[in-house]
Amino acid sequence: MGTMIHKLADVQSSSIGDGTRIWQFSVVLPEAVIGRDCNICSHTFIENDVTIGDRVTIKNGVFLWDGITIENDVFLGPNATFTNDLTPRSRQIPEAFLRTTVCAGASIGANATILPGIRIGRHAMIGAGAVVTRNIDDGEVVVGNPARKLQSRQS
């Protein structure tokens, strides 16, 4: 099947799974790991200490910073925003970034914001525009600012 990398993408990593598509104006740094059959849409940025599983969809405008793990079958909606530093300051890089994990089958809606050090559970659903400030349980559906439980659903 092969990997498809658009000629206007800047892909520096060689750890990209078969069948993955990376579209124009995307940047993937050298140490990033991307699984099989992913769709990385345009205008995305993937830093070095990022691991992405298989069959992940990353829509336009998503930036994945050091310390983020995206497991299999995850959907990241347009402009979903991840952070990796609770106290950011210009030109002051922490010794280690907080770890954020989006577990298998989870979906994050457009323009949702995920604070650092968060675990989003398996098959959880984050509503569009939600601000996630705490861990989200498996199957939990959250909306709002701060994100609050809407309902639980079976995985």
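The values are calculated or read from the model by the stated rules, or taken from the named source; none is laboratory data. The structure displayed is predicted, hence computed values, not measured ones. Virtual Cβ from ideal backbone geometry, glycine too; neighbours counted across all protein chains shown.
For this structure, a couple of remarks:
- The set of residues in segment 28-73 that are among the acidic types (Asp, Glu) and over 17 Å from GLY117 (Cβ atoms) comprises GLU31, ASP37, ASP54, ASP73.
- Listed by position, the strands (runs of 3 or more DSSP E) contained in segment 17-130 that have at least 1 residues being farther than 24 Å from PRO146 by Cα and in contact with a Gly (Cβ under 8 Å, 6 or more places away or on another chain) are 50-52.
- For THR100: the one exception among (1) within 14 Å of THR69 (Cβ to Cβ); (2) out of contact with any Pro (no Cβ under 7 Å at 6 or more places or on another chain): (2)
- The listed residue being over 16 Å from PHE63 (Cα atoms) and of a type in the set (Val, Ile, Thr), out of THR44, THR20: THR20
- For the residues ILE46, ILE34, the requirement of being crowded, with 21+ Cβ neighbours inside 10 Å and either under 10 Å from the mean Cα position of the chain (by Cα) or under 26 Å from VAL143 (Cα atoms) (or both) singles out ILE46.
- Flag if SER15 is among the small types (Gly, Ala, Ser), surrounded by 14 or more Cβ atoms within 10 Å (Cβ to Cβ) and at pLDDT 95 or above: no
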